[in-house]
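What follows is one structure encoded as structure tokens, with my remarks underneath.
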Amino acid sequence: MNAPANFTMEAVSLPIEGMTCASCVGRVERALKSVLGVLDASVNLATERAEVRLAAPVARADLIRAVEDVGYTVTASTIELAIDGMTCASCVGRVERALRAVPGVTGANVNLATERATVIGSADAAALIAAVADSGYDARVVDRSGAASTEAEAQKEEERRVLSRDLALAAALTAPVFLLEMGSHVIPGMHHLIASTIGMGASWLIQFALTTLVLAFPGLRFYQKGIPALLRAAPDMNSLVAVGTLAAYAYSMVATFAPVLLPAGTVNVYYEASAVIVTLILLGRVLEARAKGRTSEAIKRLVGLKAKTARVRRGESVVEIDVADVALGDIVDVRPGERVPVDGEVIEGESWIDESMITGEPIPVAKATGTAVTGGTLNQIGAFAFRATAVGSHTMLAQIIRMVEEAQGSKLPIQGLIDKITMWFVPAVMTLAVLTFGVWFFFGPDPALTFGLVNAVAVLIIACPCAMGLATPTSIMVGTGRGAEIGVLFRKGDALQGLQGAKVVALDKTGTLTQGKPILTDLALADGFERADVLARIAAVEAKSEHPIARAIVAAAEAEGLTMPVLSRFESVTGFGVAAEAGGVRVEIGADRYMAQLGLDVGPFAQTASRLATDGKSPLYVAIAGRLAAIIAVADPIKESTPGAIRALHALGLKVAMITGDNRRTAEAIGRRLGIDEVVAEVLPDGKVAAIRRLKTLGPVAFVGDGINDAPALAEADVGLAIGTGTDVAIEAADVVLMSGSLKGVPNAIALSRATMRNIRQNLFWAFAYNAALIPVAAGVLWPSTGILLSPVFAAGAMALSSVFVLGNALRLRRFRAPMAESVRSA
């Protein structure tokens with residue numbers, strides 16, 4: 001097959017799902033090769049991908065259809081695009097509709113604040129970019145590498161610089177126009193001075209020349225975007241500005257160069273309106289661009305945590321390489337004061353590391369051989385070496401950045417209604433402007449043409465779809481960014497909306513309320529015995545067992561540096577306990593019934609046993625050389641942060657429940673100590689799901705867990721929160737990840753969710769109230785009763801400030817103070 005002269009041979013890669021054997025591979029290859037225009041196709045079963053070489057242009061949809069026709073699926077992928085040129089909510093709707101119309105697209109989400117589109121489906125990037133271009137905007141695929149992020153930020157900085165330059169030029173050209181025209185009306189003697197010196201005709205010519213420069217250079221962006229959009233019958237905010245300013249400018253030109261065409265009494269110029277409108281809207285754009293830059297500061301700070309280089313061992317020497325070149329298994333040296341370049345495990349040395357940028361915890365964490373370190377954290381005073389276990393996009397910091405970016409780019413359920421409204425907003429405003437002109441022209445006082453023009457322009461200019469488009473995404477950006485700073489990661493943006501409505505917080509016990517690791521909590525001695533000797537003998541006996549209680553006792557002895565005596569004649573007494581000779585002395589350990597069998601009275605420890613039972617602990621008794629020696633208890637201790645977190649949740653008006661697989665007595669004892677409202681004990685993982693469903697009758701439920709067995713409950717809850725120290729399975733099933741590993745992140749997350757949603761409601765109220773109140777005023781509704789009309793100049797000022805107000809209000813979330821703020825760092 002001969003390719004067209006202007007066609008460059010290309011390859012298309014398709015992810016294929018459903019192949020199980022070599023026959024599947026052959027079937028898919030034959031199906032792809034049968035498509036007209038395909039030169040060759042190679043399918044790899046291991047990677048589950050098909051590489052297709054084209055001899056002529058072939059629609060991706062045709063390739064996908066060929067694969068599906070033989071019974072396999074082309075896996076949907078996610079492509080992120082940076083969109084340039086969007087200015088308002090109408091633009092967002094237009095780009096979304098264009099993307100969703102591309103064959104193979106199953107979902108598209110466009111965010112005005114981040115200026116990005118997330119597209120899910122099997123369509124290729126070229127088709128998506130072409131669809132965006134056809135709708136009047138520019139798009140490019142987002143590269144998630146650090147270099148690309150830096151380049152994108154540099155591009156935005158250049159855009160801000162160009163906007164500032166154009167604003168300065170527009171202001172310099174507009175000032176004389178404003179002074180010549182408005183000065184004549186407000187400054188006594190100014191009109192006479194102009195008339196007696198340069199003359200009103202010359203004044204109008206000067207205004208014409210300067211306004212033409214304003215519209216042709218700083219204001220050109222509005223016409224380049226707005227007029228084509230209007231011609232496509234898809235007007236946006238640029239169209240409103242373009243039509244409004246051109247209407248005033250054209251009317252003024254007629255008054256200047258062909259006044260005979262206008263009715264008597266209507267020969268006036270409005271050059272200053274056009275020039276001032278462009279200048280004020282540029283001012284709004286500059287302020288908006290600066291505010292948008294501040295909304296993404298949290299991401300910039302996270303990106304800034306990445307180390308640029310790493311000191312890696314190569315043979316006998318240490319070389320400094322780019323952090324991107326660090327490979328799995330490399331041995332990396334870290335000196336005092338340096339950032340840890342990638343994730344790893346310490347193999348040499350000791351140090352303290354500041355992990356506050358990851359977890360929100362202000363206290364440095366001790367690191368020694370065998371402990372994990374996280375890329376981006378700051379080494380304090382020690383030097384150590386570690387083996388790299390995760391590099392590049394697989395490090396925790398990279399995953400955190402990705403999660404925050406995805407949450408910031410997502411849409412809340414509330415946004416759906418806003419999108420439907422803004423889709424029709426600009427066409428409705430243009431219709432209203434035409435009606436305004438018609439009513440004033442046919443029913444207004446003389447000069448009716450002038451009144452009609454001025455009020456129609458005011459309606460066009462004052463309408464602000466920008467505020468509506470920015471109301472939700474800017475708050476999400478700042479809120480999720482602030483969350484990352486205090487150790488709360490929203491994996492899904494809609495968790496922000498769901499969490500603020502939670503009425504019940506259900507908590508897993510082990511690893512969530514408690515440390516998740518049993519320790520020796522109590523050791524009371526009978527008279528005549530020494531702690532070190534008793535503990536060493538108990539540990540020697542328990543060292544034979546792998547039971548968690550036994551391991552906790554052995555660990556306690558090792559922590560105190562005790563030497564365990566030689567053990568002999570070990571025996572397990574079924575149903576009672578264990579016995580052995582430790583250092584030649586008989587040691588027996590078990591419950592009270594074992595002591596009774598031995599003829600020993602446990603009465604001396606009755607008060608201690610009662611206290612342990614109240615705390616939900618099961619006591620064990622120890623007899624040494626035939627005498628009652630001690631009572632001990634092992635328990636999973638409650639985290640230090642847990643009581644304060646429970647109090648904070650109650651202060652937020654929430655009902656707290658605990659769901660655990662532990663026995664009821666232990667669970668209820670912990671519940672009493674912590675003031676938990678409801679305890680659900682002795683449940684299996686599927687029982688946790690049933691408990692969540694029952695709690696939902698009380699209201700929306702947020703569940704907090706950390707283990708694999710918590711994953712079903714995390715998925716069942718209205719919002720799932722995973723402790724960051726937990727398993728990958730639990731974190732994947734959760735909507736929110738608490739990086740600190742403590743329960744205090746829960747009230748912080750809920751309070752942040754409420755503050756963000758409150759901020760969004762404030763923004764939406766302002767955006768809709770502003771338009772609902774001022775568009776009628778601009779149309780002249782107050783004229784019959786008060787004689788008040790809104791100048792297009794004031795309309796432009798109001799419109800410029802409306803979106804700035806929304807952005808400024810969203811930025812207040814950067815000052816959010818968490819309920820447990822004393823234990824998290826501030827921004």
| When only residues in the stretch 774-786 that are in a loop (DSSP other than H, G, I, E, B) and aliphatic (A, V, I, L, M) count, which is most open to solvent (accessible area, probe 1.4 Å)? | V781
| task | Would you please list the contacts, defined by Cβ atoms under 8 Å and residues six or more apart or on different chains, that run from a residue in the stretch 40-61 that is at negative phi and in contact (Cβ under 8 Å) with a residue 40 or more places away in the chain to a residue that is among the aromatic types (F, W, Y) and open to solvent by less than 70 Å² (accessible area, probe 1.4 Å)? | result | A56/F7; P57/F7
| query | Among all residue pairs at least 6 apart or on different chains, which show Cβ distances below 6 Å where the first residue, located in the stretch 69-91, is touching a residue at least 60 places away in the same chain (Cβ under 8 Å) and under 21 Å from N44 (Cβ atoms) and the second is open to solvent by 30 Å² or more (accessible area, probe 1.4 Å) and acidic (D, E)? | reply | T75/E17
| query | Of all residues in the stretch 652-671, which are in contact with an Asp or Glu (Cβ under 9 Å, 6 or more places away or on another chain), open to solvent by 50 Å² or more (accessible area, probe 1.4 Å) and without any contact (Cβ under 8 Å) to a residue 24 or more places away in the chain? | reply | N663, R664
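Table: residues versus (1) outside any helix (DSSP H, G or I); (2) free of Cβ contacts under 8 Å to residues at least 40 places away in the same chain; (3) of a type in the set (D, E); (4) crowded, with 22+ Cβ neighbours inside 10 Å.
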residue	(1), (2), (3), (4)
A772	no, yes, no, no
I788	yes, yes, no, no
A798	no, no, no, no
S802	no, no, no, yes
L807	no, no, no, yes
R814	no, no, no, no
A818	yes, no, no, yes
| Residue count for the stretch 376-410, restricted to those that are within 15 Å of M477 (Cβ to Cβ), in contact with a Gly (Cβ under 9 Å, 6 or more places away or on another chain) and in a helix (DSSP H, G or I) | 5
| Here are A550, A580: which of them is surrounded by 19 or more Cβ atoms within 10 Å (Cβ to Cβ), without any contact (Cβ under 8 Å) to a residue 40 or more places away in the chain and over 30 Å from D677 (Cα atoms)? | A550
| task | Could you check how many residues of the stretch 274-288 are open to solvent by 40 Å² or more (accessible area, probe 1.4 Å) and over 26 Å from the mean Cα position of the chain (by Cα)? | result | 2
| query | Does the stretch 554-571 contain at least one residue that is on the phi > 0 side of the Ramachandran plot and free of Cβ contacts under 8 Å to residues at least 12 places away in the same chain? | reply | yes
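In the stretch 423-511, which helices (runs of 4 or more DSSP H) lie fully inside it and hold 3 or more residues that are in contact (Cβ under 8 Å) with a residue 24 or more places away in the chain, among the hydrophobic types (A, V, I, L, M, F, W, C) and farther than 19 Å from D718 by Cα?
425-443, 448-462, 465-485
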| task | Among the residues of the stretch 526-547, count how many are over 24 Å from Q515 (Cβ atoms) and open to solvent by less than 60 Å² (accessible area, probe 1.4 Å). | result | 8
| note | Within the stretch 323-341, the residues that are in a loop (DSSP other than H, G, I, E, B) and among the hydrophobic types (A, V, I, L, M, F, W, C) are V326, A327, L328, V340
| field | Subset of the stretch 197-223 [open to solvent by 60 Å² or more (accessible area, probe 1.4 Å) and farther than 16 Å from R165 by Cα] | value | T197, I198, L205, I206
| task | Give the stretch 501-530 a look and list any residue that's among the β-branched types (V, I, T) and out of contact with any Pro (no Cβ under 9 Å at 6 or more places or on another chain), or say none. | result | T510, T512
| task | Can you tell me which residue among L163, L167 is touching a Ser or Thr at 6+ places or on another chain (Cβ under 8 Å) and modelled with pLDDT of 85 or more? | result | L167
| said: Just the residues that are in contact with a Leu (Cβ under 8 Å, 6 or more places away or on another chain) and modelled with pLDDT under 75, please, taken from the stretch 800-827. | reply: A800
| Which is open to solvent by 20 Å² or more (accessible area, probe 1.4 Å) and farther than 30 Å from I760 by Cα, of R116, R30, R97? | R30
| field | Conditions (1) crowded, with 16+ Cβ neighbours inside 10 Å; (2) at pLDDT 90 or above; (3) over 28 Å from V793 (Cβ atoms): number failed by A133 | value | (1)
| field | Unmet requirement for L453, which otherwise passes all of (1) among the aliphatic types (A, V, I, L, M); (2) under 30 Å from R754 (Cβ atoms); (3) open to solvent by 10 Å² or more (accessible area, probe 1.4 Å) | value | (2)
| Enumeration of residues in the stretch 39-85 that are of a type in the set (V, I, T) and open to solvent by less than 20 Å² (accessible area, probe 1.4 Å) | V43, V52, I64, V67, V74, I83
| Selected residue (only one of T436, T474 is surrounded by 24 or more Cβ atoms within 10 Å (Cβ to Cβ), more than 29 Å from N759 (Cβ to Cβ) and out of contact with any Lys or Arg (no Cβ under 6 Å at 6 or more places or on another chain)) | T436
| said: Can you pull out every residue in the stretch 477-499 that is open to solvent by less than 10 Å² (accessible area, probe 1.4 Å), in contact with a strand residue (DSSP E or B) (Cβ under 7 Å, 6 or more places away or on another chain) and not hydrophobic (A, V, I, L, M, F, W, C)? | reply: T480, G483, G487
| field | Top-ranked residue of the stretch 619-649 - restricted to ones that are out of contact with any strand residue (DSSP E or B) (no Cβ under 7 Å at 6 or more places or on another chain) and open to solvent by 60 Å² or more (accessible area, probe 1.4 Å), ranked as farthest from L513 (Cα to Cα) | value | R627
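The values are calculated or read from the model by the stated rules, or taken from the named source; none is laboratory data. What you see is a predicted model, and the numbers here were worked out from it, not measured in a lab. Note that each Cβ is placed from the backbone with ideal geometry, even for glycine, and that neighbours are counted across all protein chains shown. For accessibility, only protein heavy atoms count, side chains too; no ligands or nucleic acids. Shrake-Rupley method; radii C 1.70, N 1.55, O 1.52, S 1.80 Å.
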